[in-house]
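Q: Pasting a structure below so you can have a look.
Where a number appears in this text, it was derived from the coordinates with a stated rule and is not lab data. Note that the structure is predicted; figures quoted are calculated from it, not measured. Heads up, the Cβs are rebuilt from the backbone with ideal geometry, glycines too, and the neighbour counts pull from every protein chain shown.
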Amino acid sequence: MRICVYCASSSKVDKAYFDATQKLAEEFTKRGITLVYGGGSMGLMGCMADNVLKNKGTVEGILPRFMDKVEWGHKGLTKLTLVKDMHERKKLLIKDVDAVVALAGGCGTLEELMEVITLKRLGKFTKPIIILNTNGFYDHLELLLNKMIKEHFMRAEHGEIWQFVSQPEEIIPAIENAPDWDSSAIKFAAV
């Protein structure tokens, strides 16, 4: 199984986010899951990669060349793919993965998450999307997504695009129990 993880590059975030990231890395290696992520060496990105590697797991990073030039890339990955830009990175991050997981992050993480939600709504991405809500980090996003449905910017069915969980240990079961989704979603993408 290959799972894409979106998360922060900041090293200044609360320890609770690092703890959750480390627990998820342990879950991945226990289950033989390959981590696919943005290729960074700092913050939650570095924590996730370091802990998967420390436990003899496989890590595939995808990093734009301009970020590698300023040495943001992780040097010890199983595989590092350098790409032209952020658009190519996002496309490759979700190629042939079995799920996407969003940990806490900044505007880059949020942008990646919203794009993959949009792609799933359109039937262009059909795998589970799990959002880890450590310390209530994504409470407001969950409220906003529900408001979009309530106020008819999205359909009720679109609420099955994502699942929110509060603990890292809940992520794999949430992936395994996610509602089926397929490319026919385009038929009800419009409201």
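Q: Rounded to the nearest 5, what % of DSSP beta bridges with both residues in segment 2-188 are antiparallel?
A: 5
Q: Can you pull out the GluC sites (Glu not before Pro) in segment 100-191 whose DSSP state is coil and whose Cβ has at most 13 other Cβ atoms within 10 Å?
A: Answer in residue order: Glu151.
Q: Of the candidates Leu143, Leu77, Leu113, which one comes out as most mobile in a Gaussian network treatment of the chain with C-alpha springs shorter than 10 Å?
A: With Cα springs under 10 Å in the chain, the top fluctuation among Leu143, Leu77, Leu113 is at Leu143.
Q: Still on this structure, please answer the following. Starting from the exponent 0.38 and prefactor 2.2 Å, build the expected Rg for the chain from its residue count and divide its actual Cα Rg by it.
A: 0.99
Q: I would also like to ask the following. What relative contact order, as a whole-number percentage, does the chain give when Cα pairs under 8 Å and 6 or more residues apart are counted?
A: Answer for the chain is 22 percent.
Q: Given the rule -39500 (n - 2.57) for each run of at least 4 DSSP H residues, summed and divided by the residues of the chain, what is its mean residue ellipticity at 222 nm, to the nearest 500 deg cm²/dmol?
A: The per-residue figure over the chain is -11500 deg cm²/dmol.
Q: Using modelled backbone amide H atoms (1.01 Å from N, in-plane), which distant-in-sequence or interchain residues come within less than 5 Å of Val101's amide H?
A: When sequence neighbours closer than 5 places are left aside, the close amide H contacts are Cys4, Val5, Tyr6, Ile130.
Q: Mind listing the phi-derived Karplus ³J(HN,Hα) values for segment 159-171, rounded to whole Hz, using 6.51, -1.76 and 1.60 with θ = phi - 60°, and x for any glycine or proline?
A: Calculated HN-Hα couplings, in order: x, 8, 5, 10, 9, 9, 10, 9, 10, x, 5, 8, 5 Hz.
Q: Find out how many positive minus negative residues lie around Ile175, taking Lys and Arg as positive, Asp and Glu as negative, among other residues whose Cβ is under 15 Å from that of Ile175.
A: -2
Q: Return one number: the angle in degrees, 0 to 90 and rounded to the nearest 10, between the long axis of the Cα atoms of helix 107-121 and the longest principal axis of the Cα atoms of the chain.
A: Between the helix axis and the principal axis of the chain, the angle is about 40 degrees.
Q: Debye sum, Cα scatterers, segment 134-191, no solvent: what log₁₀ I/I(0) at q = 0.14, 0.19, 0.26 1/Å?
A: -0.47, -0.81, -1.11
Q: May I pose another question? Could you tell me the relative contact order of segment 58-106? Use alpha-carbon pairs under 8 Å, at least six residues apart, and round to a whole percent.
A: 38
Q: Next up: Which entries in the list Lys12/Lys69; Lys30/Lys150; Lys54/Lys127; Lys12/Lys124 go over 31 Å, if you measure between the two C-alpha atoms of each?
A: Pairs exceeding the cut-off: Lys30/Lys150; Lys12/Lys124.
Q: Next question, about the same structure. Any idea which of His152, Leu63, Leu132 is furthest toward the positive side of the dipole for the chain, if Lys and Arg beta-carbons carry +1 and Asp and Glu beta-carbons -1?
A: Most positive-ward Cα: Leu63.
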